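One structure is given below, encoded as structure tokens.
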Amino acid sequence: MQFVSADEKVALEKKREELYKAQIDVQDRIRKAAALGDLSENAEYHFAKEENRSIQLELAGLELKLRHVSVISNDAVPDDVVFIGHTVKLLDLDDDSEQTVRLVGEAQPPSADSDILPVSANSPMGEALMKAHVGDTVKVKAPRGTMEFKILEIIG
């Protein structure tokens, strides 16, 4: 069972719908390319077939994730406790730098278009942050040694 926030499940379902639409478009391109005749030298046909296989694989993986997720709510969690779905501002006690992380469930698709670092609840940092309070100092075991962070605030 994989745990996700309600927002994460909505994002997964949105991605599934986008893939279904892309698959319909690709299958239409396959039909049009096949209608042109000789398939052995039809690059558009072969490219579209490969793209269709790739979409099908991604869809199968996404469907599997969606069948095994459990949505958890943070409604009953006190305002000063970190939980899945929360965005948290941290102070790295090694170099006094601040960073913002979002505690995400296990099935969260990666997002590189944000300044907020997604942190899996099952990662060492996620486990340290989960259920910690604002003002707490958490220790995270990392490959380069133990790191310490102070939880400054929960942004959302």
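Structural remarks
- Filter result for residue 77 (modelled with pLDDT under 90 and surrounded by 15 or more Cβ atoms within 10 Å (Cβ to Cβ)): yes
- Considering each residue of segment 84-105 in turn, none proves to be open to solvent by less than 70 Å² (accessible area, probe 1.4 Å), modelled with pLDDT of 85 or more, part of a loop (DSSP other than H, G, I, E, B) and charged (D, E, K, R).
- Scan of segment 1-49 for residues that are closer than 26 Å to residue 66 by Cα, open to solvent by less than 80 Å² (accessible area, probe 1.4 Å) and not in a helix (DSSP H, G or I), ordered by number: 2, 4, 5
- Across segment 110-151, the number of residues qualifying as part of a strand (DSSP E or B), over 19 Å from residue 7 (Cβ atoms) and open to solvent by 60 Å² or more (accessible area, probe 1.4 Å) comes to 7.
The values are calculated or read from the model by the stated rules, or taken from the named source; none is laboratory data. Only a predicted model underlies this, so the values are computations on that prediction, with no experimental measurement involved. Cβ atoms come from the backbone with ideal geometry, glycine included; neighbour counts cover every protein chain shown. Remember, those area values only see protein heavy atoms, side chains included, never the ligands or the DNA or RNA. Shrake-Rupley method; radii C 1.70, N 1.55, O 1.52, S 1.80 Å.
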